[in-house]
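Contents: one structure, followed by commentary.
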Amino acid sequence: GESTNKNPNEVVLQNGNIYQVTIHPQILDNEIVGKVWSFNYVTRQRQMEDKVLYQSTHDLLTNLPNKTLLLELI
C-alpha cells in the first residue's frame, strides 16, 4: 500500500506501527564502506502526540472543535 508518512524519517507499517529511521555511514580510511540503519519504535509516542493535539483543539466533553481550532483555521 501507499505510505501515509508525515515525516520522511519515519516508516509506517501496514499494521500501524511507526518506526523512526536513522542511517549512519560506516567510514574506514576516510571512505564510506557501509551504512548502519537504526529503527526506533515510536508508535506510542506518536499516538500520545496526536491525542494531545486533538485535546488542545476540541472540547473534551462534546468533542466539538474549540476556540483554539477556530482561530487556527481563520
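The values are calculated or read from the model by the stated rules, or taken from the named source; none is laboratory data. Treat the numbers as computed from the prediction; the structure is a model and nothing was measured. Backbone-built Cβ (ideal geometry, glycine too); neighbour counts: all protein chains shown. What goes into the accessible areas is simple: the full protein's heavy atoms, side chains included, and nothing from ligands, DNA or RNA. Shrake-Rupley method; radii C 1.70, N 1.55, O 1.52, S 1.80 Å.
Extension gain for the segment Met48 to Asn17, taken as residue separation times 0.36 nm less the Cα-Cα distance, is 9.8 nm to one decimal. Phi angles of the stretch 50-57 translate, via the Karplus equation with coefficients 6.51, -1.76, 1.60 and θ = phi - 60°, into HN-Hα couplings of 4, 5, 5, 4, 4, 5, 6, 10 Hz per residue; Gly and Pro are given as x. Amide H contacts for Glu10 (H built 1.01 Å from N in the peptide plane; partners 5 or more residues away or on another chain; cut-off under 5 Å): Val21.
For the chain, what is the relative contact order in percent, using Cα pairs closer than 8 Å and at least 6 residues apart in sequence?
18 percent
Net charge dipole, the chain: roughly 240 debye, given to the nearest 20, about the Cα centre with Cβ charges of +1 for Lys and Arg and -1 for Asp and Glu.
Residues whose amide H falls under 5 Å from that of His58, counting only those 5 or more places apart or on a different chain, are Asn66, with hydrogens built in the peptide plane. Surface composition of the chain: carbon and sulfur atoms hold 55% of the protein heavy-atom accessible area at a 1.4 Å probe.
What the Cβ-Cβ distance of Leu73 and Asn9 gives, at R0 = 25 Å and to the nearest 0.05, is a FRET efficiency of 0.30.
3J(HN,Hα) along the stretch 17-26: 5, 10, 10, 8, 10, 10, 10, 10, x, 9 Hz, from the Karplus curve 6.51 cos²θ - 1.76 cosθ + 1.60 with θ = phi - 60°, whole Hz, x for Gly and Pro.
Accessible surface area normalised per residue over the chain is 88 Å², counting heavy atoms of protein chains with a 1.4 Å rolling probe.
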